[in-house]
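Data block below; observations after.
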Amino acid sequence: MPELPEVETVKRGLATALEGRVLARVLCRTAKLRRPVPPDFAARLSGRRLLRLRRRAKYIIAEFDDGTAMLLHLGMSGRMTISAAAPAQFDKHDHLIFMAEGGPVVCFNDARRFGVVDLATTATIDAHPLLAALGPEPLGNHFNGPVLAAGLRGRGTAIKPLLLDQRLVAGIGNIYASEALFRAGISPRRKGGSVTGGRADRLAVAIREVLEAAIRAGGASLRDHVQPNGELGYFQHAFQVYGRTGEACVNAGCGRPIQRLVQTGRTTFFCSNCQR
């Protein structure tokens, strides 16, 4: 499933193509993705000018000139594609189509239909049930070691599964949790409540650094992720632990094999020598 860097990459590509433009025509070719699509979806967005695109956790939010806000989650296989003009025939999995006045055509393609789209208002969108309980943005100015430590206080669960809890910190998924813990030198088995002080500071910095590096690389293309311009992300080539079971640790003077374990149904990769 796309994590924060992949969603941020998609959002930036869409902003370049659509911000400030009027959507001359919007087509909705399905009644239901993971949830039902609002029945008036196309009618409410057609003819509206898209003022701003932003990201909250793994969601993209589009704000329009009449106060309407669109919430979009890519799901597992969802992707946005941008073309200069409408094709002769749309793909059968192109469920939502946005045609900009005098500009590009953007399609939301989702073969598995695990994506989500909904409508609200700009004034109320942050209170949407899918957003209201989310934790702080890891790239925001208010996220740091003390904030992270406060969210972990008293938690007896291992730190790695806790990082996947969107109520603790928003947008981190399985890949970047493993990568950040390695950079911070923290064992994925360590109890969350013991990540305090310097450990929490190191982890907060590592989370920010790995997410920013992944965004610069266009995200990681392991299965379905492509950028809106059709290019693949390439951060998977910079993984230090994820998917590297048995390979040598990249830290100088270590060289121990990367290990793999399963925590709450998710695979974790780590170095038992460098992470404590």
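The values are calculated or read from the model by the stated rules, or taken from the named source; none is laboratory data. Everything numeric here is computed off the predicted structure, so don't read it as measured data. Glycine gets a Cβ as well: all are built from the backbone with ideal geometry, and neighbour counts include every protein chain shown. When the accessible area is computed, the model is the full protein with side chains, heavy atoms only, and any ligands, DNA or RNA have been set aside. Shrake-Rupley method; radii C 1.70, N 1.55, O 1.52, S 1.80 Å.
Brief remarks follow.
- Total residues in region 39-58 satisfying the condition of being under 30 Å from L164 (Cα atoms), out of contact with any strand residue (DSSP E or B) (no Cβ under 8 Å at 6 or more places or on another chain) and assigned to a loop (DSSP other than H, G, I, E, B): the figure is 1.
- Breaking point among (1) at pLDDT below 95; (2) open to solvent by less than 10 Å² (accessible area, probe 1.4 Å); (3) of a type in the set (S, T, N, Q), for T268: (1)
- Candidate set: region 164-179, residues that are in contact with a Leu (Cβ under 6 Å, 6 or more places away or on another chain) and small (G, A, S); chosen: the one surrounded by the fewest Cβ atoms within 10 Å (Cβ to Cβ): A170
- Some residue of region 12-34 being modelled with pLDDT under 95 and either in contact with a helix residue (DSSP H, G or I) (Cβ under 9 Å, 6 or more places away or on another chain) or not in a helix (DSSP H, G or I) (or both): yes
- Reported count of residues in region 71-97, each being assigned to a strand (DSSP E or B) and either among the acidic types (D, E) or touching a helix residue (DSSP H, G or I) at 6+ places or on another chain (Cβ under 7 Å) (or both), is 4.
- Verdict on T9 being surrounded by fewer than 16 Cβ atoms within 10 Å (Cβ to Cβ), assigned to a helix (DSSP H, G or I), modelled with pLDDT under 95 and on the phi < 0 side of the Ramachandran plot: no
- Filtered by the rule that a residue be closer than 16 Å to L72 by Cα and surrounded by 16 or more Cβ atoms within 10 Å (Cβ to Cβ), region 13-28 gives G13, L14, A15, L18, V26, L27, C28.
- Residue match in region 29-42 (condition: among the β-branched types (V, I, T) and surrounded by fewer than 19 Cβ atoms within 10 Å (Cβ to Cβ)): yes
- Scanning region 159-170 for residues that are in contact with a strand residue (DSSP E or B) (Cβ under 8 Å, 6 or more places away or on another chain) and part of a loop (DSSP other than H, G, I, E, B) yields L164, A170.
- Where a residue in region 241-257 is under 21 Å from Y176 (Cα atoms) and its partner, wherever it lies, is basic (K, R) and open to solvent by 70 Å² or more (accessible area, probe 1.4 Å), with Cβ under 6 Å and at least six apart: T245/R260; C249/R256
- Entry remark, region 180-203: residues being under 20 Å from G154 (Cβ atoms), open to solvent by 10 Å² or more (accessible area, probe 1.4 Å) and in a helix (DSSP H, G or I) number 6 in total.
- Within this structure, S83 fails the test of being without any contact (Cβ under 8 Å) to a residue 24 or more places away in the chain, hydroxyl-bearing (S, T, Y) and open to solvent by 10 Å² or more (accessible area, probe 1.4 Å).
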